[in-house]
Amino acid sequence: MEMLVKSCKLTTELIDKQQLTPLSVKEMLQLQAHKAMCKTCNAYESQSKIIDSLIKKWFGNNETATKDRLSEQKKAAIINQINKV
């Protein structure tokens, strides 16, 4: 049973991880077992989802990030400046 019931710290890591990648079956079971007993982690998950959706709303998706790129010339200039330090 200890294998399934993780600490809140580990559970919040799984909550954050599931936002980025799919969880393994073991991780999903650990997450569900802990959340079945812990109101705090359920609240954390709800708040985390709200924060993520607001960030996506305010900053958009990754389309804008891929459009704004430094030119190769500017990249080289930055690297030269770093190497001088």
Could you pull out every one of the helices (runs of 4 or more DSSP H) wholly within the stretch 1-60 that has 2 or more residues that are among the aliphatic types (A, V, I, L, M) and within 14 Å of the chain's Cα centre (by Cα)?
8-20, 39-59
Pairs only if they're at least six apart or on different chains, beta carbon under 9 angstrom, first in the stretch 48-59 and under 11 Å from Q19 (Cα atoms), second assigned to a helix (DSSP H, G or I) and modelled with pLDDT under 90; list them, first residue then second.
S48/Q19; K49/Q19; D52/Q19
How many of the residues making up the stretch 23-37 are surrounded by fewer than 16 Cβ atoms within 10 Å (Cβ to Cβ) and either touching a residue at least 40 places away in the same chain (Cβ under 8 Å) or closer than 12 Å to C8 by Cβ (or both)?
1
For the stretch 5-22, which residues satisfy the criterion of being β-branched (V, I, T) and in contact (Cβ under 8 Å) with a residue 24 or more places away in the chain?
V5, T11, T12, I15
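Would you be able to tell me the number of residues in the stretch 38-57 that are out of contact with any Lys or Arg (no Cβ under 9 Å at 6 or more places or on another chain) and surrounded by 15 or more Cβ atoms within 10 Å (Cβ to Cβ)?
Qualifying residue count for the region: 3.
The values are calculated or read from the model by the stated rules, or taken from the named source; none is laboratory data. Predicted model only: the values in this text are computed from it and were never measured. With ideal geometry, Cβ positions are generated from the backbone for all residues, glycine too; neighbour counts draw on all protein chains shown.
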